[in-house]
Every structure is written in structure tokens, then in C-alpha cells.
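Below: the structure, in C-alpha cells.
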Number of protein chains: 2
Amino acid sequence: MIAPVRPAPPPDCPLERYLHIVSGAWVPRILWYLRFGPRRFGDLRRDLGSISTKILTAKLRTLEEERMVVRTELLVSERQRQVEYALTERGLAFEPVFEAMEQASRRLTELDLLEAREAGAES
Amino acid sequence: MIAPVRPAPPPDCPLERYLHIVSGAWVPRILWYLRFGPRRFGDLRRDLGSISTKILTAKLRTLEEERMVVRTELLVSERQRQVEYALTERGLAFEPVFEAMEQASRRLTELDLLEAREAGAES
DNA sequence: CTGTATCCTTTTAGATACTG
DNA sequence: CAGTATCTAAAAGGATACAG
């Protein structure tokens, strides 16, 4: 039997369950900032820098629906509100992904440096 | 000195180098399918199922610019063209991320099952 | 087979003002 | 403080036709 010219097609992409939730520019960042413990609405807003309240609310709502985060309303006083967002067990399931992303980011920066050095040496 | 009411803010999000490249619905999937070795344009199109040629081309171009993939034109005959896309060393840097995503996806499915079982048991 | 080109729709996000 | 409402802009994606 002769080896096939083309390799067998790869298995179906099993990333859907993840990508369905984490796609978009903001969600990964939101989840990343929640890794360090519960954070309030305003905290996240500051963490993320340039996000509009509309988007932040929307993303937090869908993350809630997916049960990746829980929203807890803390009643501090009659006139003041505090709302805290925290990762659920499901949210925690993505921890290793973010760790890997961080590592990959670092690796890329490393490759950038190596390359810059080579470019400098050859001139 | 009294302990601060609010914990210190988390460090700056170090995911940018990654997110800059991999955001969007298609890029993660493209990279995932390239993990198993070089693939041709048409292969990827079939792998991805519903992608339009326009988007596939566009994504492959930017991945090329970022040097995550290399494009190799194989001249088979005068009239036939074959183009192969493969991960570069940079592209390989994202492998652990995809592995973590797969694991996370599995974990989520597991949690779904556990929950469904509990819901069944309590009725 | 590997794309371009064009047009159109959907999604995502930003700005700003306003509420309890 | 934690949002909602509204309007607008930009980005991403899809459909289809066509070219080398």
C-alpha cells in the first residue's frame, strides 16, 4: 500500500465551546482581570482603560448568562450601591488558557528581540 | 497602618501581543487547523466549513504579515497551482494556548454534564 | 485551484447624555 | 456608583461573480 499523497484531514475543531464565549476584544481582558479576585464595575472600567459602560455591561451580562461570572449586589447604604463581579467555577476553567496566552505573548516578544539582535549583527 | 479596603489593582494585562493577532472568529480556527501540518488553501476552506474565500485570504495575509504562517507556492504544472500554508516558529508559539483551550472546552462540557446529572437527581 | 473585486449585512464598539 | 438609552462609526464577515 502506497502512502497517501495528502495527509488525512485533521479532527473537527474542538475549540467551539471556548470560542463561543471568549471571542471579541473585551471578554478575554475582562476574564483576565477577574483572575485576581472579585472586582467592581468601576474597577473593571478603569482596568480596561477605554471601554464604554455600554459594552462593559453587555459583556458582563452575557458572561453571567454563560455562568462564567457572578454578579453580587452589595448594599452598603441606602444611597450607595456596590456591585461585585467574580469568576465562577466555569470561569476558573479558563485560567490555564490565560496562562498559556501570557506565555505565548512573552515568547513572541522574545522572538522579536532575537530577531532585532540578528538584524543588528548582520549590518 | 490600616489594611486597604480595596485590594491593589492587578498588573497590566499582558495579553496584548497575543490578542492583537488572534482576535476574531476565524484566526484561532485557522491556526488550530494548521497545527497538524501544512495545508492548502482549499483544505483550509473545507476545514473551516463556512468561511468565504475573501475572509480566508484576508486572514492568511495578515497572519503572513505577522509571520505566523508562511505561504509556499508549489508549481505543479503550467496550468495548475497549489499553495501551501504552514506555521512558522512564531505560529508554533501559540500551540500551548490551543491545547489549553481544548482542555478548557472539555472542562466546560464536563461541568455541563455534572450539572445536568444533578438537575436530574433532584427531581 | 487560488485567489480578486464588489456590494451588502451583521457585529462590535465608541460617545454622550441621563437615571436611581 | 452602576448602570440604561440612543445614536453613530468602524470592523468583521458573507454572497456572488469573475480571473489567471
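The values are calculated or read from the model by the stated rules, or taken from the named source; none is laboratory data. This one's a predicted model, so the numbers in the text were calculated from it and none came from an experiment. Glycine also receives a Cβ, built like all others from the backbone with ideal geometry; neighbour counts cover every protein chain displayed.
Restricting attention to the stretch A:83-113, the residues that are modelled with pLDDT under 95 and either more than 22 Å from B:GLU99 (Cα to Cα) or of a type in the set (Phe, Trp, Tyr) (or both) add up to 2.
None of A:GLU95, A:GLU122, A:GLU99 is touching a helix residue (DSSP H, G or I) at 6+ places or on another chain (Cβ under 8 Å), more than 16 Å from DNA strand C (Cβ to nearest atom) and charged (D, E, K, R) except A:GLU99. Looking across the stretch B:31-65 at every residue that is hydroxyl-bearing (Ser, Thr, Tyr) and either in contact with a Phe, Trp or Tyr (Cβ under 9 Å, 6 or more places away or on another chain) or more than 17 Å from B:LEU87 (Cα to Cα) (or both), the one that is farthest from DNA strand C (Cβ to nearest atom) is identified as B:SER50. One residue alone among A:GLU102, A:GLU110, A:GLU89, A:GLU65 is within 8 Å of chain B (Cβ to nearest Cβ), exposed (fewer than 15 other Cβ atoms within 10 Å of the Cβ) and free of Cβ contacts under 8 Å to residues at least 12 places away in the same chain, and that residue is A:GLU89.
Looking at the stretch B:47-58 only, could you name the residues that are away from chain A (no Cβ under 14 Å) and either surrounded by 12 or more Cβ atoms within 10 Å (Cβ to Cβ) or more than 9 Å from DNA strand D (Cβ to nearest atom) (or both)?
B:ILE55, B:LEU56, B:THR57, B:ALA58
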